[in-house]
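This report refers to the structure that appears directly beneath it.
Quick note: the coordinates plus some simple rules give every number you see, no bench work behind them. The structure displayed is predicted, hence computed values, not measured ones. Methodologically, a virtual Cβ is constructed for each residue, glycine included, from the backbone with ideal geometry; neighbour enumeration extends over all protein chains shown.
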Amino acid sequence: MNGQLIIAFFIIVYLRKSLKTKDSFPSWDKILLYIMLGCIAIFIAQICIKFLRTAIEWLSYLILFAVLGMIYFNKIFRAARSVLLAVFPLIIVSFLEDTLRLLNNDFYKEWKNAFNAIETFAFIWMVTMLIINSRQRKALAKERQKTQEEERQNKIMASLKDELEVQVAERTAEITNQKEELEIALTELKATQAQLIQSEKLASLGELTAGIAHEIQNPLNFVNNFSEVNCELIEEMKQEIEEGNFEEVKSIANDIKENELKIGFHGKRADAIVKGMLQHSRTSTSAKESTNLNALADEYLRLAYHGLRAKDKSFNATLKTDFDHTIGNVNIIPQDIGRVILNLITNAFFAVDEKKKLGIEGYEPTVLVNTKKINDKTELRVADNGNGIPQNVIDKIFQPFFTTKPTGQGTGLGLSMSYDIVKAHGGELKVKTKEAEGSTFIIQLPTNQ
């Protein structure tokens, strides 16, 4: 009887501890507590009241089986059902042992040793299963803790995801607004750049004006002079006709004819200069023409030089040319390539003039323009003996709006525009420079296009 009470008491203590019924199931904890008190009371009553032994033993088993039934059938204690596997063999052995002892004590005494052995095995089984169950509970507790931690992390991640989605939406809206602002700014920039390019063209045209005036004055002087001479010859021819000197009339008529040819030649020369000026000032039609590159370079060299001389009487430089006459004509847009040549020559004049202002003894400003045929390319070089280009800016000179000239003397679009024009012709624009010695700009154009 004492064994059953101890087992019942142990089971109840174990249940209360493992399931934490005091915190989780306070109402059931009170019931278990009362059962424990009942076990104690029965234990005391067993000692004090010997004659009620049989009834109390059956009552203790009744209480024990009631507890086991409650554990098995109630969902609250489902997690503790594994305890039944541990204690059930010991309970059955104790129950059978007490039942046989009460019903047939002699038979019980005869098989007491066997029951003791079975009871020992049942006890070992109970201890082993309880240890295994304890380890399983710890493993389950760790797994539960891990699951709870994962759920907590998932909640944190979900919260962060929501915040991130809000931030992404806000950032996307900002980027969209910035994109619209950038598109507006880019449109304005392109319009401004187009205006500046047109201003650059007009500025270069202004630089040419004085040179053109100088160039056009010479053929105009010839036209005027030969026109006056022809007028005098016509008057002289009239007198010879009146006098009947027809041989002299023929000679004068031949002189008039030669003068007229000269007038026509210089008139066409003036017309060519005016056409070149108009070609330079108007927008490119993108129509390539077979062009004599040597003549184009020579013309723009003289126009640029006379233009600068007209603006600054103190300016002076030695002009050198070395043209390869075997290159033939090149298929280009003459007004565009003319702008490139003019820009490079003007820059060369600026470079040598700046160096001259330094007052270097024995320095002679020189600009060289030469052409050469190299395999399937036609090369044009514009070289000067100025100060050269500093190495720290050599990579920037073809960028739009970059200039080394003083404020107000350059837009920074000349070389950029020249680079784009040469590239559009399928060619290359390169530079070789050495500080304090000068620079050489090289235009390479495909010979056959």
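Observations on the model:
- Linear extension gain, residue 245 paired with residue 431, 0.36 nm per residue minus alpha-carbon span: 60.1 nm
- Note on residue 357 and residue 324: their simple-model spin labels are 3.7 nm apart, each label 7 Å out from Cα toward Cβ.
- Restriction of the trypsin sites (Lys or Arg not before Pro) in the stretch 348-449 to DSSP coil positions whose beta-carbon has at most 12 other beta-carbons within 10 angstrom yields 357.
- Calculated FRET value between residue 150 and residue 186, using beta carbons and R₀ = 45 Å, to 0.05: 0.35
- Here the simple spin-label model places points 7 Å from the Cα toward Cβ, and for residue 292 and residue 141 these points are separated by 10.7 nm.
- For the stretch 288-449, alpha-carbon Rg over 2.2 N^0.38 Å: 1.01
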